[in-house]
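Student: Attaching a single structure in structure tokens format; questions to follow.
The values are calculated or read from the model by the stated rules, or taken from the named source; none is laboratory data. As the structure is a computational prediction, the values presented were derived from the model and not from experiment. Neighbour counts run over all protein chains shown; Cβ positions are idealised from the backbone, glycine included. For accessibility, only protein heavy atoms count, side chains too; no ligands or nucleic acids. Shrake-Rupley method; radii C 1.70, N 1.55, O 1.52, S 1.80 Å.
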Amino acid sequence: MPMTMSRARVARRIATAAAVGGGGAGLLGVAAVGLLLTEVRLARRTVGGGATELPPPADGRYGAALWYRTDRPALRLGFLGDSTAAGQGVTRARQTPGALLASGLAAVAERPVDLRNVALPGAQSDDLERQVTLLLADGPAPDVCVIMIGANDVTHRMPFATSVRMLSEAVARLRSAGCEVVVGTCPDLGTIEPVYQPLRWVARRLSRQLAAAQTIGVVEHGGRTVSLGDLLGPEFEANPRELFSSDNYHPSAEGYATAAMAVLPTLCAALGLWPEDEERPEPARREGFLPVEEAAAQAASEGGTEVAGSRAPWALLKHRRRQRIAVQEAEEPAAETEERAP
């Protein structure tokens, strides 16, 4: 509990600095910089093993079997963020998180889902302004958007207040355009196999601190968050060959499916597709209303935890029941399938 409270205070300071335009102070002492730079160089020699292929394009329509419901127009799903949002590390479109969530959303909503993914491998939060502009430039705005961002902000030492400000501004623009927004917060970089101590400990600490600060910024601008940080941590550490791709850095198909299982319930709830009784907090599941910074700090330590806005300064902390999304059940986008047809 003391660690959670400390993280809550720091996250609030970062979010406040982001709101007023401050850069934010670094969380590491100067004495640690030299050691960390040495560890980063060693990790970079082994992470990735060279250039990785670009993620497969997954834009298109999902839920082809539901097209007969002409009275129910397709939902529009937008995806933004970095290489994780783009699906780097897998080889088939249906294995990307965007395709997995589009297929899952189509099944729950019983209507087709049109996916457009503008995520960019290597992107940091300062690229979100460009991505939002691109997403809103053509046609109607998406009904709901998923953003996955933060890992590169940590590894490139972007000031956390700057990172949170850029994310918050992106959420605000999307909400103003009528989009619901779900953000998968910064993943736990301490689970990356080639990263050694003490960098592993520091990476985990910084990842969770950024995730907590992101949550405050997102919730206060009308979005919802799902913590990805610790969600995959134990599974990555126990099954790195299954949940990491061949580059030892990005998730594998099963890793992305695990993350999608956690995000899908929140995605559906944002669109009002979840049963009403599921929206009530269950004390037995450690759910309830907390000050937003405390909810953010708890979520950063518990993967798969959702934080949604309530009456300021309160937020609702929920541990939603994950929905199984099997990789083999996800479909290829309709546009891609049509191109392959003889």
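Student: Can you give me the long-range amide H partners of GLU180? Hydrogens built in the peptide plane at 1.01 Å from N, cutoff under 5 Å, separation of 5 or more residues or another chain.
Tutor: Under 5 Å from the amide H of GLU180 lie the amide H atoms of VAL144, CYS145, each far enough along the sequence or on another chain.
Student: Give me the one-decimal nm value for the distance between modelled label points at TRP201 and ALA284, 7 Å along each residue's Cα-to-Cβ direction.
Tutor: The answer from the label model is 3.9 nm.
Student: Moving to a separate point now. Kindly sort TRP314, TRP274, TRP201 by accessible area of their heavy atoms, largest first, with the probe set to 1.4 Å.
Tutor: TRP201, TRP314, TRP274
Student: So what are the ³J(HN,Hα) numbers for region 298-311, from phi and the Karplus equation (6.51, -1.76, 1.60; θ = phi - 60°), rounded to whole Hz, Gly and Pro as x?
Tutor: 5, 4, 4, 9, 10, x, x, 8, 9, 10, 10, x, 10, 7
Student: I've got another one for you. At a Förster radius of 25 Å, what calculated FRET efficiency corresponds to the Cβ-Cβ distance of TRP314 and ALA19, to the nearest 0.05? All intermediate terms of the calculation are to be shown ahead of the outcome.
Tutor: Details: r = 18 Å, r/R0 = 0.72.
Calculated transfer efficiency: 0.90.
Student: Also: If you take the square roots of the eigenvalues of the alpha-carbon gyration tensor of region 142-182 and sort them as a ≥ b ≥ c, do you get rounded (a/c under 1.5), prolate (a/b over b/c) or oblate? Provide the component values of the computation, followed by the final result.
Tutor: Values: a/c = 4.89, a/b = 2.10, b/c = 2.33.
In terms of gyration-tensor shape, oblate.
Student: A further question follows. Excluding ligands and nucleic acids, what accessible area in Å² is computed for ASP59 using a 1.4 Å probe, to the nearest 10?
Tutor: Taking all protein chains as shown, ASP59 has close to 70 Å².
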